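FYI, it's all coordinate maths here, none of it is from the lab. Computed from a predicted structure; not experimentally measured. Glycine also receives a Cβ, built like all others from the backbone with ideal geometry; neighbour counts cover every protein chain displayed.
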Amino acid sequence: MDALETLRQSIPDAARDLKINLQTVLADSTLSDAQRWGVAAAAALAAGHAGLREAVLAATNKTDFELLCLAVSAIHGCEVCIKSHEQAVIEGGLSEDQVHDAVRIAATIKGAAIALGA
């Protein structure tokens with residue numbers, strides 16, 4: 001059993017939709033593998049209130065950096081930051097579908113963190 005499946009099985013039954021969503025958003029996405037897992041890692045760190053800067057700075061380019069920042073801004077609900085990072089991501093060549101996928105992943109990761117008591 002891989003780490004993601006172990007994590008999914010740790011989520012309480014009361015949050016069983018998160019078990020399904022966690023698997024779905026990480027498997028089916030318009031983002032590249034690196035972007036998808038980068039967003040998931042950034043969201044996990046942000047949801048757990050851990051230091052995030054190092055993980056975000058590990059992004060390979062400005063557009064990916066902005067994508068990770070967008071995910072974290074969505075978790076924290078900062079509308080000004082969301083708009084700013086979304087604009088940078090779109091200008092960097094990503095699509096609205098990719099923006100939506102990043103936000104979906106971040107929201108699902110945050111929900112899983114809450115369900116697990118992080």
**Fill in**
Partner aspartates and glutamates whose C-alpha sits under 13 Å from that of Lys83, ignoring same-chain residues fewer than 8 away, are Glu66, Glu91, Glu96
**Prompt:** Just checking the chain: which Cys have no other cysteine's beta-carbon under 4.7 Å?
**Reply:** Cys69
**Message:** Sort Cys78, Cys69 by Cβ crowding within 10 Å, fewest neighbours at the top.
**Reply:** Cys78, Cys69
**Asked** What are the DSSP H helices in the chain that stretch 15 Å or more along their long axis, judged by alpha-carbon atoms, and whose average Kyte-Doolittle hydropathy comes to at least -0.5?
**Response** 16-27, 33-47, 62-76, 79-91, 96-115
**Message:** Cut-off 10 angstrom, C-alpha nodes, Gaussian network model of the chain. Which of Gly92, Gly77, Gly38 fluctuates the most?
**Reply:** Gly77
**Item:** Highest-MSF residue in the chain out of Ala107, Ala44, Ala15 [GNM, Cα springs under 10 Å]
**Value:** Ala15
**Item:** Percent RCO, i.e. relative contact order, over the chain, from Cα pairs under 8 Å lying at least 6 residues apart
**Value:** 36 percent
**Prompt:** For Lys19, which lysines qualify as cross-link partners when the Cα separation must be under 20 Å and same-chain residues fewer than eight apart are set aside?
**Reply:** Lys110
**Request:** Work out the FRET efficiency for Ser10 and Asn61 from their Cβ-Cβ distance, taking R0 = 25 Å, and round it to the nearest 0.05.
**Result:** 0.15
**Asked** Once you put a point 7 Å from the Cα of Lys83 and another 7 Å from the Cα of Asp97, both along the Cβ direction, what distance in nm separates them?
**Response** 2.7 nm
**Prompt:** Quick one: length gained pulling Asp2 to Thr30 fully straight, 0.36 nm per residue minus the C-alpha distance?
**Reply:** 7.8 nm
